[in-house]
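Inspection log for the structure reproduced underneath, given as structure tokens.
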Amino acid sequence: QAIVVCRQVSKRYRKGEIPVDALKRVDLTLNPGQLIAASGPSGSGKSTLLNLIGLLDQPSTGTIELFGQRSEVLKRKERQALRRKYLGFIFQNFNLLPVLNAVENVELSLYGHPLSKDQIRNQALAMLQQVGLLNRAYHYPKELSGGQQQRVGIARALVHKPKLVMADEPTANLDTGSATEIISLMRNLSHEIGTTFLVSTHDPRLIKNMDREVTLTDGVLLS
Ligand code: ADP
Ligand code: ADP
């Protein structure tokens, strides 16, 4: 049972004189519980693909089906609800809110879910424990190393047990030690929780640890 089906998806950006075809007739099916690397050089369309599947933007032509729902028929509120319930996001620059501590950053993913304050706090702390950062729960992002901040980012992306996590170059700003930690953490959590990861990267350390690689070249996808 596929969780994502992209059919002939194209994306054209129209800015300035010359339009840019960032994706060209991409066909892609994602299955549950897989770790998938989307590789390719800078500018090849990786972020665009993640944005479209993550419901942050819409294709110019073609269709994307997410958990059995055609994305283009969804209303704004419905996309938001789908994103909140089923999707998680991990970023290259971690994207933690500097005015919130680690546990409060993780709790952000649980707002809008039918849970009490105590349940939210307890689930966020349990998730921080899973990424090995319980002892840093009340530290602010600026008090954490890059690898630790990314572990908070992973906890925030997974605390609501999403079916699909988009990770945009998650190891690009990390040294090899931290990158290795982050990679094995994603592997373990994907197997424990059954989450599919779609990871854009050109990091060979990351690619060799994935279950599957798809490659973009100038907007064209090769499986
Ligand atoms: P990657 O993530 O592989 O580096 P992107 O998806 O960011 O690639 O970009 C693919 C192409 O689309 C590039 O040529 C980029 O300049 C262009 N592009 C991306 N976002 C926009 C945008 N918002 N407006 C115009 N062009 C864009
Ligand atoms: P790295 O260079 O590996 O990213 P840092 O040198 O930034 O790590 O940090 C080393 C350790 O010191 C980490 O465990 C980090 O959490 C801690 N640390 C760094 N800055 C602060 C700070 N301002 N307050 C408290 N702990 C800090």
Hey, can you tell me all the residues within the range 199-210 that are assigned to a loop (DSSP other than H, G, I, E, B) and either of a type in the set (D, E, K, R) or closer than 18 Å to Phe91 by Cβ (or both)? Thr201, His202, Asp203, Lys208
Take the residues of the range 133-147 that are over 15 Å from Glu104 (Cβ atoms) and either free of Cβ contacts under 8 Å to residues at least 40 places away in the same chain or crowded, with 24+ Cβ neighbours inside 10 Å (or both): which is farthest from ligand 2 (Cβ to nearest atom)? Asn135
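This table checks each residue for (1) out of contact with any strand residue (DSSP E or B) (no Cβ under 9 Å at 6 or more places or on another chain); (2) within 19 Å of Leu87 (Cβ to Cβ); (3) away from ligand 1 (no atom under 16 Å from the Cβ); (4) of a type in the set (Val, Ile, Thr).
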{"position": "Ile154", "(1), (2), (3), (4)": "no, yes, yes, yes"}
{"position": "Leu164", "(1), (2), (3), (4)": "no, yes, yes, no"}
{"position": "Glu181", "(1), (2), (3), (4)": "yes, no, yes, no"}
{"position": "Ser190", "(1), (2), (3), (4)": "no, yes, yes, no"}
{"position": "Thr195", "(1), (2), (3), (4)": "no, yes, yes, yes"}
Test Thr180 against the stated conditions and say whether it is under 16 Å from the mean Cα position of the chain (by Cα) and either buried (at least 20 other Cβ atoms within 10 Å of the Cβ) or within 15 Å of ligand 2 (Cβ to nearest atom) (or both). no
Residue in the range 75-89 that is touching a residue at least 40 places away in the same chain (Cβ under 8 Å), part of a strand (DSSP E or B), within 16 Å of ligand 1 (Cβ to nearest atom) and under 15 Å from the mean Cα position of the chain (by Cα) present: yes
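Residues are listed down the side, and each one gets a yes or a no for (1) among the charged types (D, E, K, R); (2) more than 22 Å from Thr215 (Cβ to Cβ); (3) open to solvent by 10 Å² or more (accessible area, probe 1.4 Å):
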| position | (1), (2), (3) |
| --- | --- |
| Asp21 | yes, no, yes |
| Asp57 | yes, no, yes |
| Ile64 | no, no, no |
| Glu78 | yes, yes, yes |
| Arg84 | yes, yes, yes |
| Leu96 | no, yes, yes |
| Val103 | no, yes, no |
For residues in the range 1-24 being free of Cβ contacts under 8 Å to residues at least 40 places away in the same chain and farther than 24 Å from Glu78 by Cβ, which is farthest from ligand 1 (Cβ to nearest atom)? Glu17
All but one of (1) away from ligand 1 (no atom under 16 Å from the Cβ); (2) free of Cβ contacts under 8 Å to residues at least 60 places away in the same chain hold for Leu222; state the number of the condition that does not hold. (1)
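For a quick check of your reading: which helices (runs of 4 or more DSSP H) sit entirely within the range 114-198 and have at least 2 residues that are modelled with pLDDT of 95 or more and among the small types (Gly, Ala, Ser)?
In the range 114-198, the matching helices (runs of 4 or more DSSP H) lie at 117-130, 146-158.
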With the structure loaded, tell me whether Thr61 is farther than 19 Å from Val199 by Cα, in contact (Cβ under 8 Å) with a residue 24 or more places away in the chain and of a type in the set (Ser, Thr, Tyr) or whether it fails that test. yes
Can you go through Ala126, Ala167 and tell me which one is surrounded by 13 or more Cβ atoms within 10 Å (Cβ to Cβ), of a type in the set (A, V, I, L, M) and in contact (Cβ under 8 Å) with a residue 12 or more places away in the chain? Ala167
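The values are calculated or read from the model by the stated rules, or taken from the named source; none is laboratory data. If you're wondering where the values come from, they're calculated on a predicted model, not measured in any experiment. Cβ: placed from backbone, ideal geometry, glycine included. Neighbour counts: every protein chain shown. These area figures cover heavy atoms from the full protein model, side chains too; ligands, DNA and RNA do not enter into them. Shrake-Rupley method; radii C 1.70, N 1.55, O 1.52, S 1.80 Å.
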